[in-house]
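Okay, structure first, notes after.
The values are calculated or read from the model by the stated rules, or taken from the named source; none is laboratory data. Model, not experiment: these values are computed from the prediction. Ideal geometry is used to build each Cβ from the backbone, glycine not excepted, and the neighbour counts take in all protein chains shown. When the accessible area is computed, the model is the full protein with side chains, heavy atoms only, and any ligands, DNA or RNA have been set aside. Shrake-Rupley method; radii C 1.70, N 1.55, O 1.52, S 1.80 Å.
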Amino acid sequence: MTIIGLEPDLQEHLNRLCKAIRLRNTDAAKEIEIAGEAPGLGTPLRVIEAGQLALTAQALSIAGLDRLAARPEQLSILNRERIVFALRPFPYLRRNGAPTNAWGRQITAAPCSGHMATADGRYVYMANVVPRLREGTLRVLGCAGSREAVEAAVLTWKASELEQAMAEAGLPLTVVRSSEEWLASPQGGFMTDSPIVHVEQLGSSRVEPVPQGNRSLAGLKVLDLTHVVAGPMITRGLAEHGADVLHVGPDAEDLQDPLAVTDELMIGKRSAGLNLKSSNGRREIERLIAGADVLVQSWRPGVMERWGLDANRVAQLRPGLVQLSVSCYGPQGPWSDRPGFDGNALAAVGATNIEAGSGVPRLTPPGVLTDSLAGFLGVALINSLLMDRAERGGSHLAHISLARMATWLMELGLKPGSSGEPASGWGLPELRRTTADDGGVLEHVAHPIQYQQRPARLSLPQPLLRASPPEWSDEASSSRSVSP
């Protein structure tokens, strides 16, 4: 398989990636081109190259779906200049002509977020922004809620002891490790030979055709039980190709994602709220599962089981369902039940240590990196499993972990002689305009792949959170048609 414009040393990495996600339609490579010059990010890690590979796999998966549905071939052009903005779209979101600036206010400046020094000269990372995580962190630290107070409290702990105390409290915080320390750790040793993604078949089911509409995923019903970044990015990627995505979130205010995230990643979806701890909520979600084609969830391992929605139970409710779970450390190993975000994964596996060199740790630019790589690759993985179902049937469960995305990034190697200094000159992204249900006008980052005949686009406005009924679009249309 040869992709026009793909660097020669990346071709074999692409082959391995496609094999990992079970993508077999490599003859579609002639329909894909890579163009443009990548901006310098000032990182030794091959960030743009990783994004390029994951997005190329996504384009191949779309081409495969289109072939099975007998849609006309189309040329797909991935622009390297756009990848940096797709990796971190949040700062560029505009509402009514002005930047929202929500990312800087709610994420970067949050008191329980960032790399912080500890008493033994190490660093730890946390991004505990949502109220429940923030309040839990302050309880463990025993301090006030200002950034100065949090940093001072962290400085009284040894790094490993604080990591353990936070883990026991169910809170994400990770020591900045070297690659060697990660491999020597219980989870690192466990994940050394793990696949890029985990895929298993849970049972047999009938063969089901791929979506047959005029868009690649038109008519596909996606139940979105995700939060924060990687999961919502996957489901929005499906919405960009016509899927009917229904996000169902908790009705607890202290578990709501920051608006900096939902403002961007809810565009193109409908949003409902259910209390999944209640019997009524569980009945409603089981009804939605029975009507879905795909379920994506990114709650901490064990949460779905507590709701009575373990993967086997879900497959029984809907034989043939494609399930994708996203977590920080994967479905197996001693850390499998630990929560975590992008910065936790990078810190754990040694990527942050490489990024820092001999200086102070920082997030690998452009930020939210493993989330976005998981988002790009997750779309390709789901599409691949839909093709598998169309040819062989079966219920499938797949897992993507942020830590494995980070180690995959490191497996691509380092750029020789790269500086760790911040880079500039990225320019500005191309924006697409849409509306919001509250009457606002939004401008968001355009998709980095230009599909010549069936462009990736978001058809629905940004919804009011939890304002949609918990039902599929065709059910809503049917109920409206028979109403008096």
Sequence-separation-based contact order of the chain, relative, with Cα cut under 8 Å and 6+ spacing, percent: 25 percent
Between Glu208 and residues 5 or more places away or on another chain, which pairs have amide H atoms under 5 Å apart, with H built 1.01 Å from N, and which residues are they? Ala390, Gly393
Quick one: putting +1 on the C-beta of Lys and Arg, -1 on the C-beta of Asp and Glu, what dipole do you get for the chain around its Cα centre, in Debye to the nearest 20? 740 debye
Straight-line reach check, Lys221, cutoff 22 Å on alpha carbons, 8 or more apart in-chain or any other chain, hits among lysines -> Lys269
Work through the residues other than Val175 whose Cβ is under 11 Å from its Cβ and net out their charges, Lys, Arg +1 and Asp, Glu -1. -1
Per residue, in Å², the accessible surface of region 28-176 once ligands and nucleic acids are set aside, probe 1.4 Å: 36 Å²
Working out 0.36 nm times the residue gap between Ala169 and Asp437, then minus their Cα-Cα distance, what length gain in nm do you get to one decimal? 92.7 nm
If r is the Cβ-Cβ distance from Leu75 to Gln201 and R0 is 41 Å, what FRET efficiency results, to the nearest 0.05? 0.75
At q = 0.07 1/Å the base-10 log of I(q)/I(0) from the Debye formula over the alpha-carbon atoms of the chain is -0.34
So what's the convex hull volume per residue for the Cα atoms of region 299-413, in Å³? 112 Å³
Need the full-extension length gain, Arg139 to Trp426, defined as separation in residues times 0.36 nm minus the C-alpha distance. One decimal, nm. 99.3 nm
HN-Hα J in Hz across region 67-76 - Karplus 6.51, -1.76, 1.60, θ = phi - 60°, x for Gly and Pro: 5, 5, 8, 6, 7, x, 4, 9, 7, 10
Zone residues, region 115-141, relative to Ala149, backbone N less than 13 Å from point 7 Å out along Cα-to-Cβ: 135-141
Give the separation of the Cα centroids, region 141-193 to region 1-77, in Å. 36 Å
What do you get for Rg/Rh over region 57-209 if you use C-alpha atoms and the Kirkwood form of Rh? 1.11
How do 404-415, 347-358, 301-312 rank on mean C-beta neighbours within 10 Å, highest first? 347-358, 404-415, 301-312
Nearby lysines by direct alpha-carbon distance to Lys30 (threshold 19 angstrom, same-chain neighbours under 8 apart not counted): Lys19
Å² per residue, accessible surface of region 322-457 at 1.4 Å: 34 Å²
Which ³J(HN,Hα) values, rounded to whole Hz and listed in residue order, are derived for region 177-186 from phi using the Karplus coefficients 6.51, -1.76 and 1.60 in 6.51 cos²θ - 1.76 cosθ + 1.60 with θ = phi - 60°, glycine and proline given as x? 9, 7, 4, 5, 5, 5, 5, 7, 7, x
For the charge dipole of region 1-110, defined by +1 on Lys and Arg C-beta atoms and -1 on Asp and Glu C-beta atoms about the Cα centroid, which residue among Ala35, Gln106, Leu75 has the Cα displaced farthest towards the positive pole? Gln106
Could you tell me the relative contact order of region 62-170? Use alpha-carbon pairs under 8 Å, at least six residues apart, and round to a whole percent. 19 percent
Rounded to a whole number of µm²/s, how large is the Stokes-Einstein D of region 353-456 at 25 °C and 0.890 mPa s, given Rh as the Kirkwood radius over C-alpha pairs? 138 µm²/s
In whole Å, what are the Cα extents of region 52-100 along the three principal axes, biggest one first? 43, 24, 13
Cα gyration tensor, region 218-310 - rounded (a/c under 1.5), prolate or oblate: oblate
Cβ-defined net charge surrounding Pro455, 12 Å radius [Lys, Arg +1; Asp, Glu -1]: +3
Give the lysines reachable from Lys158 as a straight Cα distance under 24 Å; neighbours fewer than 8 places away on the same chain don't count. none
For region 51-136, max minus min Cα coordinate along each principal axis, in Å, sorted largest first? 60, 39, 27
When the accessible area of the chain is split by element with a 1.4 Å probe, what percent falls to carbon and sulfur? 51 percent
Among DSSP bridges having both ends in the chain, what percentage is antiparallel? Round to the nearest 5. 45 percent
Of Ala159, Ser325, Ala374, which is farthest on the positive side of the dipole of the chain, counting Cα position, with +1 on Lys and Arg Cβ, -1 on Asp and Glu Cβ, and the Cα centre as origin? Ser325
Enumerate the calculated ³J(HN,Hα) couplings along region 259-275 in order (Karplus 6.51 cos²θ - 1.76 cosθ + 1.60, θ = phi - 60°), each rounded to whole Hz, writing x wherever the residue is Gly or Pro. 4, 4, 8, 5, 4, 7, 8, 8, 4, x, 10, 10, 10, 10, x, 9, 8
Points 7 angstrom from Cα along the Cβ direction at Asp193 and Asn96: gap in nanometres? 5.9 nm
